[in-house]
Structure formats: C-alpha cells, structure tokens
Amino acid sequence: MNELQRYHATAGFELTDRAFLLPPWLWGETVQRWQREGLPGIPTWRAISRRTAKPNSRWRCKAPMARTFGRRWSGR
Amino acid sequence: MQGPYGPHLWPALERQVISESDQSWVVRDEEGNTVRLFKNDPGQCMPHWVEYPMKDRTDWETIIKPRLDAKIPGRHPVGADLDRLVADYAKRDDPLGLWCGSLYGWPRSFMGVEGISVMFYDDPDLVHEMCEHMADFAVEILTPLLSRIEFDFAYIWEDMAGKAGPLCSPATYREFCLGPLSRITALLHKHGVHHIIIDSDGNNDVLIPLWLEAGVTGLRPFEVAAGCDAVAIRKQYGKNLIIQGAIDKRALAQGKEAIEREVLSKVPWLCLQGGYFPQVDHLVPPDVSLANYTHYSQLLRAVVENPERYLHEAKRKGYFHAV
C-alpha cells in the first residue's frame, strides 16, 4: 500500500495497514529550537511555517508521508 | 506550487514600511494589512494588527475585488506550464490537495472580526456580494485545474472559531456563506474530489451540521484547548465526517507521561473507527522540546501500526473508557 492508497483508505473509512500520517505542523520558533537541540537537515523555517501553510499564500497542499519525525518533510 | 498561483489577492499590493522604532516596524503588507512586526520575533509569526484593508464598499471595489479576478494573467498555470504539472502529478504516489479559498475567513481577514460582524447588519448586501464573488472566483480558478489534474483532497480555510464557539452564529453562516460554499463543494465532487476538509481553528462543533449539509466531508484541527472532543464527534457523526488533528499540542510540552495519556486516550480508538488522520491540533509550539516531539512521533507511529494493542493498553491504564 503506497501513501496515496493509504490516504484514500484512511479518508474513506476503509481497512488500511495504518492511518495516513499528516506532516508535522510547526511554528518557525519551534524549528529554531529543535535545530539548537541538534535537529539536522531541516528546510528553512519559512517553508514549514504558518505563512506558507495558509491558503492566502499557497493554493496547493501536497501532503506526503511523514513516517517518523525528520525522515521526510512536506514543505507545507 | 507557490508564487502567483492560487486563490489569494493577486497582484499583491506593494509592501511598504510605514514607520520604525527600536522594537518594531509598522508595515503595510502585500494583502493591504497594516501590521506592527516586532523585532524580537524572528519569525514575525504574530504581528499586531493595526488596520485592515477594507472598511466599506469602496475598499472592496478598489482594493480587494480587482485582486480576486481569475482572468488576471499568471493567476493559474496555462499552456506548457500546466502540461508539465499535469505530467508531473500523474506520476505521483502520494496525495495531492487543493486549497479552495474561503467564505468567512477571507472577509474576516479583509475587515477584522469586528468589521465583518458589524457588516453583516450594516450592509448585508455587500457581504452577500462578497461571498458570491468569492465562490464565483474559486469556481473559475479551480475548474481548469480540476479538469486536468486528479486531486485527492481539498482544503477550505475558514479559521472562524474561538474557545467559546464560532465567530458568527450558525444562522448567519447559513445566510451568507452556505450557498456559496455549496457551489464550491459541488464543483469538487463533480470532479471526483470527495475529501473536502474545512480548516478552522477553535471550537466549530455547532457548524459541523451546516458544513456536512454543504457537501464538506471533514474538519481540522479539533483544538483540545477549545474544548473539542474528537471521540465524541466521531460517536455523533460516525462515518460522515473525516477528522484531522485532535492531539493536544499542550501535552507535548509536559513530558512523556502526558504525551502517552493524550495519544492513547483517543488515537487507537479513532484509528480503529477509520476516517481519522492523527496530528497535533495546531502548530507545534516552541515550548515543545525535540526530545518530547521525538517521543510523541515514535509513539504515534507505533500506535497507528497497531491500534488494537494500544487501545487495550489505554483501557488497562485508564486512559480510555469503553464506548
């Protein structure tokens, strides 16, 4: 089952291997704190901040897998 | 995709710094808001609003409405740009969503809560006109995209509630927003987009029946601090409502025991019901340490992979009571 199938199965109340996990949703200050605490490889805070997450600044929301923290970031 | 595409004010207004002090700048931003940005807030995530761009019909007709025009070039991809997107998205194996605008949230952003609240009574014809225009605009801008790209879900942004409930009554929302909203959802359903999620912070419980009536199928983010109870909502609405969020952000700052209690009290049961996307109920705040979030993330992953086991665990520990 890939992420696309998992998304539709979750949204459709169907059997799935697990619920689809939405990406982390973080304040910029949170990312800055975690970087100070040793988090590597995070995109700029702006890419995952409230500003780029709101519809006024973006029409498309791509919601990829977020299996475990830090493995893949959505840029939402 | 970012830049000019999408349902937002376009072309943007020119950003101007109006004044500066040791602590802050006063800026007129790209959407016409006059805001005070604090220099000690590096992300400038929470500006202080000084003035909204719209006060009356003249502002609507000269500032806002001309920038909600689907015919302005650059508003959406065309020609080779659209062909390239279509080809790119056709190969994806992850879900693709579409922001579809707003019916209450935008007028609130243009006028402020007080402004829109007064306008409902002082100039209801103008509010009707705005909502109908925003639906027309959304339909016009989304139709060519929906005709070429298979989207998996859609978001509609309202952000229209606080802890005590919505910022307008259900009757007011029905009168002004529900019809235009229904036209957008009808377009989405017609093009096979059946997962239509309202994004609205705060406690929106009394609006859920209206949204379902209008063709919406889900809601996020169910803020626990606002009294939202996703388990109760699932019991009430069954499989008629997709739920996203509902995990109390405040618990993540408290430590492992609080995180375990919060996650196990709802996630296993909700996952077993289906239609649930676990997520923190708003942006994760900066009082959450990386260690706590890592623990939360690992626990969440384990729970969604084996909700039966963790529901048993939740009952054993008294975190979840049998339905």
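What follows is calculated from the coordinates using simple rules that are stated; it is not laboratory data. Just so it is clear, the model here is predicted, and its values are computed rather than measured. Positions of Cβ are backbone-derived with ideal geometry, glycine not excepted, and every protein chain shown enters the neighbour counts.
Laid out as a table, the results:
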{"quantity": "For B:Val50, residues with placed amide H under 5 Å, excluding near neighbours", "calculated": "B:Thr34, B:Val35, B:Arg36"}
{"quantity": "Phi to ³J(HN,Hα) by Karplus 6.51 cos²θ - 1.76 cosθ + 1.60 over the stretch A:9-16, Hz, x for Gly, Pro", "calculated": "5, 5, 5, x, 6, 9, 5, 8"}
{"quantity": "Computed lengthening from B:Asn306 to B:Ala225, 0.36 nm per intervening residue step minus Cα-Cα distance", "calculated": "26.4 nm"}
{"quantity": "Within the stretch B:265-305, backbone nitrogen closer than 13 Å to the virtual label 7 Å beyond the Cα of A:Met1 toward Cβ", "calculated": "B:271-277, B:304-305"}
{"quantity": "Virtual spin-label span in nm between B:Thr58 and B:Phe38, 7 Å along Cα→Cβ", "calculated": "3.5 nm"}
{"quantity": "Peptide-level mean, for B:99-110, of C-beta atoms on other protein chains within 10 Å", "calculated": "2"}
{"quantity": "nm² value of the averaged projected area, convex hull over the Cα atoms of the protein assembly as shown", "calculated": "19.4 nm²"}
{"quantity": "Ranked B:Val216, B:Val224, criterion: other C-beta atoms within 10 Å, fewest first", "calculated": "B:Val224, B:Val216"}
{"quantity": "Within 10 Å of each Cβ in B:212-221, the average number of Cβ atoms from other chains", "calculated": "1"}
{"quantity": "Charge dipole (the protein assembly as shown, unit charges on Cβ, about Cα centre) - positive-most of B:Thr34, B:Trp60, B:Asn203", "calculated": "B:Asn203"}
{"quantity": "Under-5 Å amide H pairs with B:Ser24, H placed in peptide plane, nonlocal only", "calculated": "B:Lys39"}
{"quantity": "Computed lengthening from B:Ala291 to B:Ala12, 0.36 nm per intervening residue step minus Cα-Cα distance", "calculated": "96.4 nm"}
{"quantity": "Student exercise, the protein assembly as shown dipole from Lys, Arg, Asp, Glu Cβ charges, in Debye to nearest 20", "calculated": "1440 debye"}
{"quantity": "In nm, spacing of pseudo-spin labels at B:Ile72 and B:Asp22 (7 Å Cα→C-beta vector)", "calculated": "4.0 nm"}
{"quantity": "Dipole magnitude of the stretch B:117-197 about its Cα centre (Cβ charges: Lys, Arg +1; Asp, Glu -1), debye to nearest 20", "calculated": "380 debye"}
{"quantity": "Efficiency of FRET between B:Glu150 and B:Tyr237 - r from beta-carbon atoms, R0 25 angstrom, step 0.05", "calculated": "0.40"}
{"quantity": "Chain lengthening between B:Leu272 and B:Glu213 when straightened (0.36 nm per residue, less Cα-Cα)", "calculated": "18.7 nm"}
{"quantity": "Relative contact order [Cα under 8 Å, 6+ residues apart], the stretch B:35-186, whole percent", "calculated": "28 percent"}
{"quantity": "Rounded FRET efficiency, nearest 0.05, which uses the C-beta distance separating B:Tyr89 from A:Phe13 and R0 of 22 Å", "calculated": "0.30"}
{"quantity": "Shielding score for B:281-292, defined as the mean number of other chain Cβ atoms within 10 Å", "calculated": "5"}
{"quantity": "Chain B: relative contact order as a whole-number percent, Cα under 8 Å and 6+ apart", "calculated": "11 percent"}
